[in-house]
Structures are given as C-alpha cells and as structure tokens.
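Q: There's a structure below that I have some questions on.
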Amino acid sequence: MTEEHFTYLAKGVADTERLAAALAARSSAGSVIVLDGELGAGKTAFSKAFARHLGVEGVVNSPTFTLIKEYEGRLPLYHMDVYRIDEDEAGELGLDEYFYGTGVCLVEWGSLIPSLLPEERLHIVIEATALPDERLIHLTGCGEVYGEWCRSLRENGVE
Ligand SMILES: Nc1ncnc2c1ncn2[C@@H]1O[C@H](COP(=O)(O)OP(=O)(O)OP(=O)(O)O)[C@@H](O)[C@H]1O
Ligand SMILES: [Mg+2]
C-alpha cells in the first residue's frame, strides 16, 4: 500500500478548520478519515469544521457516549468516537457498513481499533506544541486516493 505524508502547522483553531475544509472538499462516498491525538488535541474541533464544510447544518458534538452519529450534508456523514469501547465491542457494531457505505466516515480515536479500519484511509494525528493554540497535524494517506490528497496539499498548500 502506498503511503504519502504531509504535516501541517496550525497556528490556531482557524488553521485546523481550514485543513478540515480542504479535506471535506476532497471527500466523496466511502471516504474514511481517522483522527488521533491526546485528549483535547482538537479531534472534535476538526470534526465540527469538517461537518460544516460538508454542508451539515446544526450542531455537531462529540459522539463519545453514542459512538456513532449520523448527519446529512452534501453526503451522509458518520461521526464516530471509539474512545470508550474495545476492539471486540467495536467489531460487533458492524462498522464496515459505514466504512464502505455511501457517506463519509470520521473516526475519533481510530488507532484504538486498528484491525477494524479499512487499509485505505487518511490517518490524522493531532499533536499539541508548547503554544496553547498551536497544533502539528500529521497526515498519512494510505492508498492511491488519500496519497493524492496528501500530495496535493503538500504541493499546493491547504486550500
Ligand atoms: N489549533 C487548534 N486546533 C484545534 N483545536 C484547538 C486549536 N487551538 C485551540 N484549540 C482548542 O482545543 C480544544 C480541542 O478540543 P476537542 O474537543 O476538539 O479535542 P478532542 O481531541 O476531540 O478531545 P477528546 O479526545 O477529549 O474528545 C478546543 O477547545 C479548541 O478550541
Ligand atoms: Mg473529541
């Protein structure tokens, strides 16, 4: 599987939102974006902006207690947070139906369920820096499609 990398320095939440917008624009049916990073890194902040730019109206909250929330935008959006379940439990949720469905999947804490994730995906790790509003956002594009997302962002900037 080909892998491409791109690291983005977000100087504030607006930059994180700009990246989310660029990725929402590239998304299509079956897109899978996995989000990792410590508590408070900005996974849900990213997801809220992503949803807005996918055309979802209304409030998008962390689905920590519901595991999966569905929204309607330009495409269906499946927002998952698997922080509170283990891989066996997650396996019983039938996530493939979402991953290989007609919508876009955002998976917060996806690294906790490695065996359940599609191989082809955009994997994002959000890392805090010494500055309170700054984040290093590490993108790994696994497979041709997501590799191209990373290449285009690297070469053309986040737009
Ligand atoms: N550059 C940035 N990118 C993202 N969030 C930022 C940034 N700067 C400041 N923040 C703030 O950091 C907080 C991130 O919280 P958020 O709920 O998105 O984290 P999370 O990774 O989803 O945490 P959890 O694992 O607890 O769900 C928000 O209050 C957000 O406004
Ligand atoms: Mg969250």
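Q: Please work out which residue is nearest to the chain's Cα centre (by Cα), limiting yourself to the stretch 116-140 and to residues that are surrounded by fewer than 17 Cβ atoms within 10 Å (Cβ to Cβ) and not hydrophobic (A, V, I, L, M, F, W, C).
A: Once the filter is applied, the top-ranked residue is His138.
Q: Please verify whether Leu112 is closer than 17 Å to Thr140 by Cα, within 15 Å of the chain's Cα centre (by Cα), open to solvent by 20 Å² or more (accessible area, probe 1.4 Å) and not acidic (Asp, Glu), treating the condition exactly as stated.
A: Working: closer than 17 Å to Thr140 by Cα: yes; within 15 Å of the chain's Cα centre (by Cα): yes; open to solvent by 20 Å² or more (accessible area, probe 1.4 Å): yes; not acidic (Asp, Glu): yes.
So Leu112 fits the description; yes.
Q: Checking the conditions here, which among Ala24, Ala20, Ala29 is within 20 Å of Ile68 (Cβ to Cβ) and out of contact with any strand residue (DSSP E or B) (no Cβ under 9 Å at 6 or more places or on another chain)? I'd like the intermediate steps shown before the answer.
A: Numbers: Ala24 fails: out of contact with any strand residue (DSSP E or B) (no Cβ under 9 Å at 6 or more places or on another chain); Ala29 fails: out of contact with any strand residue (DSSP E or B) (no Cβ under 9 Å at 6 or more places or on another chain).
From the options Ala24, Ala20, Ala29, the qualifying one is Ala20.
Q: Could you grab me the full set of residues in the stretch 141-157 that are open to solvent by less than 30 Å² (accessible area, probe 1.4 Å) and touching a strand residue (DSSP E or B) at 6+ places or on another chain (Cβ under 8 Å)? Break it down into steps so the answer makes sense when it comes.
A: First, the residues of the stretch 141-157 that are open to solvent by less than 30 Å² (accessible area, probe 1.4 Å): 141-143, 146-147, 149-150, 152-153, 157.
Within the stretch 141-157, Gly141, Cys142, Gly143, Tyr146, Gly147, Trp149, Cys150, Leu153 qualify.
Q: Look at Gly12 and say whether it is open to solvent by less than 70 Å² (accessible area, probe 1.4 Å) and touching a strand residue (DSSP E or B) at 6+ places or on another chain (Cβ under 8 Å). Steps first, answer last, please.
A: Working: open to solvent by less than 70 Å² (accessible area, probe 1.4 Å): yes; touching a strand residue (DSSP E or B) at 6+ places or on another chain (Cβ under 8 Å): no.
The answer is no for Gly12.
Q: Among residues belonging to the stretch 45-79 that are hydroxyl-bearing (Ser, Thr, Tyr) and at pLDDT 95 or above, point out the one that is surrounded by the most Cβ atoms within 10 Å (Cβ to Cβ).
A: Filtering the stretch 45-79 for residues hydroxyl-bearing (Ser, Thr, Tyr) gives 47, 62, 64, 66, 71, 78.
Restricting the remaining residues to those that are at pLDDT 95 or above gives 47, 71, 78.
Numbers: Ser47: 25, Tyr71: 20, Tyr78: 21.
Per the stated criteria, the residue is Ser47.
Q: Mind checking which pairs have a first residue in the stretch 88-107 that is within 21 Å of Ser47 (Cα to Cα) and a second that is exposed (fewer than 15 other Cβ atoms within 10 Å of the Cβ) and hydrophobic (A, V, I, L, M, F, W, C), Cβ under 6 Å, 6 or more apart or different chains?
A: So the pair list comes out as Thr102/Ala29.
Q: Sticking with this one: Out of Glu89, Glu38, report the one residue that is under 23 Å from Thr140 (Cβ atoms) and surrounded by fewer than 17 Cβ atoms within 10 Å (Cβ to Cβ). Lay out the reasoning, then the answer.
A: Working: Glu89 fails: under 23 Å from Thr140 (Cβ atoms).
Answer to the check: Glu38.
The values are calculated or read from the model by the stated rules, or taken from the named source; none is laboratory data. Just so you know, these numbers come straight off a predicted model, no measurement behind them. Cβ: placed from backbone, ideal geometry, glycine included. Neighbour counts: every protein chain shown. Surface accessibility is based on the protein's heavy atoms, side chains included, excluding ligands, DNA and RNA. Shrake-Rupley method; radii C 1.70, N 1.55, O 1.52, S 1.80 Å.
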